[in-house]
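The structure appears below as structure tokens.
The values are calculated or read from the model by the stated rules, or taken from the named source; none is laboratory data. Everything quoted here is computed from the prediction, not taken from an experiment. We place every Cβ from the backbone using ideal geometry, glycine too, and count neighbours over all the protein chains shown. Areas reflect the complete protein model, heavy atoms only, side chains present, ligands, DNA and RNA absent. Shrake-Rupley method; radii C 1.70, N 1.55, O 1.52, S 1.80 Å.
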Amino acid sequence: MKKLIENFIIIMVLTIAILFSYALIEKKISGRSSSEFINFLFSTQEKASSNKSSVTSNKGNSKKGNNSSTQSADTMNYRAVWLSYLEFNSYRKSVKNNNESSFRKFYKHILQQIKTIGCNRIIVQVRPFGDALYASDYFPWAACISGTQGKNPGYDPLKIMTEMSHKEGISIEAWINPYRISSGNSIRSLSKTNPARKWFSVQNTKRNVLSYNGSLYYNPSSESVRNLIIQGVKEIVQNYNVDGIHMDDYFYPAFTEKNVGTAFDAPEYKQQIKSDMSSTDSQSFSSNKSSNEISLTDWRRDNVNRLVSGIYKAVKETNSDVTFGISPAGNLDNLRSDLEYYVDIDTWVSQNGYVDYLMPQIYWGFTNEVAPFDKVTDAWCILMEDSPAKLYIGLQLYRMGSTEPGQSDEKELQKASLLKKELSYLKKQKKIEGYCLFSYQYLDCQNKKYHFDAEQFSTKRKKLLNQIVKSFKNNS
């Protein structure tokens, strides 16, 4: 009996020693603090036990099958957060020394926060205004990271973010705004190395850059513009270990009935029609129609289609494992409008060669009078029922607690349970496989270090956002 007890003690000591050694190595690799290391050490055995129970449970249910359209929680395997240029602005303004060490601490904090709410993916805005949060041969350094467009911050944010994300088991997508150059219309405010400024200074290429409603855009009808954007995407996929390329809803700006036929790139349309009518070969569009048969609306959609299919091809030829997805506006009627966006959504969902996924921004509550959440979601599920593309949903974390006038769903926005209700609705839809929250700062509104815009919210709104975060943590 004495010998048995001695053997048992020896086994226990060896087990603890092995566990401690493993955890110590993991601490060194991951850079955990001492407190995190202790938590990790004592939670490892508990996690192993939990995983074993989960496997046993899954084995027991594997033969039951499921003919229902309802998704179980673990099939929502795409759980993402958008990290925008606004958060980078806040970081830059908050730190005493904007260097690699400070940035790593900032991004580590973000990864820890999103992991606690059960998210497994981050979508990082790396090309917000025709500039870049990475070393680019095409675009100047982004003002949001260095304070001045074209100024090197002294480190490569995208390289750091891909490395740190993967180390924490988080997938990362590089988010670009293809056409937006600036929210002002001053060319001189752009970096001297900015291709938009270079083009604008030469008469033959001046129309590659357009000013509209006080903002600057790249001209979607220009082949040179499309090539620039496509090569910029290819550069990211070649040089950085990203899991995806992502675009949002910044395509064409909105026009009016009065100016739709004259504004923006309408002169290029008229010139193209005039040129092709005098040509023996008028088959210059990606559709089956010749250019003198295509409307201005379809011509603009064709311009966007050329860019989207060009990006898809460049991504897949460079690395077929990298995904390409788009987050368009949520209201399908607006996407099909003759006055804005010019997104050929019906082609994208029905044909290969455009996107791997779509993530409509369904940023409304169930009581919204114009676009109720359930009706809009249902419309997307019907549209994409047989689509080769996956369907994820963008959710409106940024509107929660908002009291702006004129919101028909304002009462719902004051309830922390709204997002939980929306997620429950998504899980019932067979086609929907995930979601993304806009944006990170609303998950971290009480942060005192990085001074996010959400920090300025009222105490009541912060309390609501914290309740939402707690709800995500409890269900992760």
Item to check | Residues located in region 426-461, provided they are in a helix (DSSP H, G or I) and within 23 Å of residue 108 (Cβ to Cβ) | outcome: 440, 441, 442, 443, 453, 454, 455
Next on the checklist: Which pairs turn up if I take residues in region 237-254 that are within 14 Å of residue 324 (Cα to Cα) and open to solvent by less than 30 Å² (accessible area, probe 1.4 Å) and look for partners that are among the hydrophobic types (A, V, I, L, M, F, W, C) and part of a helix (DSSP H, G or I) with beta carbon separation below 6 Å, at least 6 apart in sequence or on another chain?
Outcome noted: 237/315; 245/233; 245/315
Checklist entry - In region 145-192, what residues are more than 22 Å from residue 229 (Cβ to Cβ), open to solvent by 60 Å² or more (accessible area, probe 1.4 Å) and not in a loop (DSSP other than H, G, I, E, B)? => result 163, 166, 167, 188
Checklist entry - What is the residue count in region 395-417 for residues that are over 19 Å from residue 454 (Cα atoms) and modelled with pLDDT of 95 or more? => result 6
Next on the checklist: Six or more apart or on different chains, Cβ atoms under 9 Å: show the pairs whose first residue is in region 455-472 and aliphatic (A, V, I, L, M) and whose second is open to solvent by 100 Å² or more (accessible area, probe 1.4 Å).
Outcome noted: 464/415; 468/420
Checklist entry - In region 143-179, what residues are closer than 22 Å to residue 212 by Cβ and either in contact with a Leu (Cβ under 8 Å, 6 or more places away or on another chain) or at pLDDT below 95 (or both)? => result 149, 178
Checklist outcome for this item: Contact list, first residue from region 397-408 and without any contact (Cβ under 8 Å) to a residue 60 or more places away in the chain and among the basic types (Lys, Arg), second anywhere and open to solvent by less than 80 Å² (accessible area, probe 1.4 Å) and outside any loop (DSSP other than H, G, I, E, B), beta-carbon distance below 6 Å, six or more apart or interchain, is 399/413
Next on the checklist: So, in region 291-314, exactly how many residues are modelled with pLDDT under 75 and either open to solvent by 10 Å² or more (accessible area, probe 1.4 Å) or among the acidic types (Asp, Glu) (or both)?
Outcome noted: 1
Checklist entry - So which of 325, 330 ends up being open to solvent by less than 10 Å² (accessible area, probe 1.4 Å) and over 20 Å from residue 254 (Cβ atoms)? => result 325
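So that you can scan it fast, the table gives a plain yes or no per residue for (1) under 18 Å from the mean Cα position of the chain (by Cα); (2) buried (at least 18 other Cβ atoms within 10 Å of the Cβ):
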position	(1), (2)
338	no, no
352	no, no
359	yes, yes
383	no, yes
388	no, no
Checklist entry - Looking at (1) under 27 Å from residue 92 (Cβ atoms); (2) more than 22 Å from the chain's Cα centre (by Cα), can you tell me which one residue 460 breaks? => result (1)
Checklist entry - Any chance region 338-351 includes a residue that's of a type outside the set (Asp, Glu), touching a Lys or Arg at 6+ places or on another chain (Cβ under 9 Å) and without any contact (Cβ under 8 Å) to a residue 40 or more places away in the chain? => result yes
Checklist outcome for this item: Checked region 255-290 for anything part of a loop (DSSP other than H, G, I, E, B), open to solvent by 40 Å² or more (accessible area, probe 1.4 Å) and modelled with pLDDT of 85 or more; matches are 256, 257, 258, 262
Checklist entry - Counting just the residues of region 390-419 that are basic (Lys, Arg) and over 30 Å from residue 353 (Cβ atoms), which one comes out surrounded by the fewest Cβ atoms within 10 Å (Cβ to Cβ)? => result 411
Next on the checklist: Can you find, within region 428-452, the residue that is nearest to residue 95 (Cα to Cα) among those that are surrounded by fewer than 16 Cβ atoms within 10 Å (Cβ to Cβ) and charged (D, E, K, R)?
Outcome noted: 449
Checklist entry - Failed condition for residue 97, given (1) part of a helix (DSSP H, G or I); (2) over 19 Å from the mean Cα position of the chain (by Cα), with all others met? => result (1)
